[in-house]
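The values are calculated or read from the model by the stated rules, or taken from the named source; none is laboratory data. Computed from a prediction, not measured in an experiment: that's the story for all the values here. Positions of Cβ are backbone-derived with ideal geometry, glycine not excepted, and every protein chain shown enters the neighbour counts. Please note that ligands, DNA and RNA were not included when accessible areas were found on the heavy atoms of the full protein model with its side chains. Shrake-Rupley method; radii C 1.70, N 1.55, O 1.52, S 1.80 Å.
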Amino acid sequence: MPDIRPTVGSGALVLNATYEPLCVVSVRRAAILVLSAKAVCVADGDGVLHSARNALPVPSVVRLTRFVRVPYRTHVGLSRRAIFARDGWRCVYCRGPAETIDHVFPRSRGGRHAWENVVAACARCNHTKGDKTPAELGWRLHHHPAAPKGTAWRVLGHRAPDPRWADWLDLREPLREAEAA
Ligand SMILES: [Zn+2]
């Protein structure tokens with residue numbers, strides 16, 4: 001195993017043999033895939049990785065040499081950061097900076113912890129809302145929460161994409177939100 005010290009913090013995009021984007025891995029992991037001939041580098045990042053015997057340009061995008069069948073994950077994982085990213089780091093009620101996660105239909109009353117029922121909210125709105133529903137308060141949501149869709153979301157989640165990945169990911173929608181990260 002080569003001793004690779006990544007010089008950059010960003011990851012590398014992994015493409016299937018068919019160029020379909022699969023996931024983001026650490027630069028070190030991508031370099032090991034290339035050095036073990038499991039992948040080829042298709043776009044270089046910044047800098048050079050040094051191992052005992054090799055000097056390898058930092059991979060930014062690698063493509064697997066053999067096709068791997070991946071169970072298609074249609075659901076984006078529900079996480080605090082992903083909810084903030086989806087809602088643009090804004091409170092869904094007042095559009096102020098969001099600091100908390102709110103369950104639209106309160107959990108204490110059976111509201112689900114699901115994309116359709118969680119929103120980014122500011123601390124003030126969240127506190128005021130308490131165990132009430134927006135309808136009970138006469139509040140309106142800026143948008144109706146839904147699970148994010150699309151390849152970029154599936155591959156990146158809340159990660160801010162490297163502009164070098166744009167050729168392989170449709171970044172139109174998530175980029176706008178990820179930029180706020
Ligand atoms: Zn608010």
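What the table shows:
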quantity	calculated
Relative intensity, log₁₀ I(q)/I(0), of segment 101-173 from a Debye sum that treats every alpha carbon as a point, q = 0.17, 0.19, 0.28 Å⁻¹	-0.72, -0.80, -1.30
Along principal axes, Cα extents of the chain, largest first, whole Å	66, 31, 28
In nm, spacing of pseudo-spin labels at Val70 and His142 (7 Å Cα→C-beta vector)	3.1
Heavy-atom accessible area ranking, 1.4 Å probe, most first, across Phe105, Phe84	Phe105, Phe84
Dipole magnitude of segment 80-137, debye to nearest 20 (Cβ charges: Lys/Arg +1, Asp/Glu -1, about Cα centre)	100
Residue-span extension gain [Lys38 to Arg124] - 0.36 nm each, minus C-alpha spacing	25.9 nm
Within the chain: Cβ-based charge dipole about Cα centre, in debye rounded to nearest 20 (Lys, Arg +1; Asp, Glu -1)	440
Charge sum, other residues only, whose C-beta stays under 13 Å from Cys122's C-beta, Lys/Arg counted +1 and Asp/Glu -1	+1
Largest to smallest accessible area among His143, His103 [probe 1.4 Å]	His143, His103
For Pro97, net neighbour charge (Lys/Arg +1, Asp/Glu -1) across residues whose Cβ lies under 13 Å away	+1
DSSP-assigned coil residues among trypsin sites (Lys or Arg not before Pro) in segment 63-143, each with at most 14 further Cβ atoms within 10 Å	Arg66, Arg69, Arg73, Arg95, Arg112, Lys132, Arg140
Nitroxide proxy distance, nm - points 7 Å out along Cα→Cβ at Ala160 and Thr100	2.7
Relative contact order (%) - criterion: Cα under 8 Å, at least six apart; region: the chain	20
